[in-house]
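Report on the structure given below.
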Amino acid sequence: MFRPPVCYRFKTITLRADCVTLKAILTKLTGVTMTTNAATAGQVSKSAAEIYDEFFVPALFGQWAGPLCDAADIQPGHDVLDVACGTGATTREAARRMARKGRIVGLDRNQGMLDVARSRAPGIEWVEAVAEGIPYAGDTFHTVLCQFGLMFFDDRKKALDEMMRVLRPDGRIALSVWDDVANSPGYADMIELIAAMFGKEAAAALQAPFILGNKQELRQVMEDGGLAKANVTTMTGTARFASIRDWVRMDVRGWTLADYIDDAGFEALVAAAEKQLGRFAASDGSVAFPAPAHMAVWDSSP
């Protein structure tokens with residue numbers, strides 16, 4: 001998942017992420033020119049950020065903090081910037097590995113996310129800013145991280161330019177994006193169900209986090225941003241929810257779908273999902289399905 005606050009009841013993807021404007025993404029996915037509303041303005045309320053941290057981090061995002069820090073090879077004494085830090089899961093993992101040696105900064109556009117992040121780790125430097133305008137001098141950081149944020153930036157090329165600018169010589173950029181939604185069968189089926197019940201704009205809001213799932217497109221975005229020859233690998237991951245109802249609740253209450261799905265629609269979606277998506281539920285009712293992601297690593301050294 002960067003503007004004056006607009007409150008909506010947020011997810012994810014993507015957003016984890018430094019929730020930013022979805023307008024252009026949704027237009028591309030649906031073929032419909034989107035008007036700016038709570039679903040496309042790219043901000044979450046504090047309560048939505050709390051939902052995100054309480055439910056989406058353990059269900060989806062928390063498992064990727066370690067692998068991204070592994071890819072970045074974070075060491076004690078490094079100065080590290082986490083762009084689109086959200087509520088700070090990856091930032092905190094980086095800080096743990098740095099063992100209180102070096103500087104760690106979490107940057108996000110959304111103040112609601114940062115409020116939650118600050119409450120979880122007050123000793124970390126949390127900064128409200130956009131990825132396209134990182135407020136630090138050049139050659140400042142050994143490492144720049146970005147977990148599930150690239151697909152949501154208003155200007156990806158500018159954001160990557162900024163990451164490169166603040167990176168020290170011999171530094172490393174490590175970022176992650178979701179794999180193609182076809183490889184995340186639970187979300188592929190959920191998107192189809194939402195499209196059938198609520199229309200393609202609602203479905204596109206849930207599909208937006210997967211827009212860079214094609215590895216060739218991701219490599220092209222990296223190259224366009226000056227990060228030629230980035231090493232891109234795909235890693236397995238698993239989405240986990242306590243129940244189908246909890247899965248639907250998180251997608252509707254914690255993401256932009258609240259703009260399209262009211263309380264009655266939510267109950268109807270739960271009932272339909274329990275019938276049509278039951279194959280993802282275990283005997284105890286818990287839900288699990290593959291949710292792979294691409295990891296891209298770029299070194300500034302020749």
Consider residue 17 against the criteria (1) farther than 20 Å from residue 160 by Cβ; (2) in contact with a Gly (Cβ under 9 Å, 6 or more places away or on another chain); (3) modelled with pLDDT under 95: it satisfies all of them except one. Which criterion is unmet? (1)
Hey, any hits in region 100-108 for a residue that's touching a Leu at 6+ places or on another chain (Cβ under 6 Å), charged (D, E, K, R), surrounded by 22 or more Cβ atoms within 10 Å (Cβ to Cβ) and modelled with pLDDT of 95 or more? yes
List every residue pair whose Cβ atoms sit under 6 Å apart, with the two residues 6 or more apart in sequence or on different chains, where the first one lies in region 276-302 and is at positive phi and the second, anywhere, is part of a loop (DSSP other than H, G, I, E, B). 285/243
Please specify each residue of region 267-281 satisfying the condition of being more than 18 Å from residue 210 (Cβ to Cβ) and touching a strand residue (DSSP E or B) at 6+ places or on another chain (Cβ under 7 Å). 281
Suppose the filter is closer than 28 Å to residue 139 by Cα, surrounded by 24 or more Cβ atoms within 10 Å (Cβ to Cβ), of a type in the set (Gly, Ala, Ser) and touching a helix residue (DSSP H, G or I) at 6+ places or on another chain (Cβ under 9 Å); does residue 205 pass it? no
Would you call residue 225 crowded, with 20+ Cβ neighbours inside 10 Å, among the small types (Gly, Ala, Ser) and under 20 Å from the mean Cα position of the chain (by Cα)? yes
Give the residue that is nearest to residue 54 (Cα to Cα), with candidates limited to residues of region 109-132 that are small (Gly, Ala, Ser) and surrounded by 22 or more Cβ atoms within 10 Å (Cβ to Cβ). 117
So which residues in region 231-272 are part of a loop (DSSP other than H, G, I, E, B), modelled with pLDDT under 95 and surrounded by 15 or more Cβ atoms within 10 Å (Cβ to Cβ), if there are any at all? 254, 255, 260, 261
Could you tell me whether residue 219 is of a type in the set (D, E, K, R) and in contact with a helix residue (DSSP H, G or I) (Cβ under 9 Å, 6 or more places away or on another chain)? no
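The values are calculated or read from the model by the stated rules, or taken from the named source; none is laboratory data. As the structure is a prediction and not an experimental result, all values here were calculated from the model. Cβ sites come from the backbone with ideal geometry, for glycine too, and all protein chains shown count toward neighbours.
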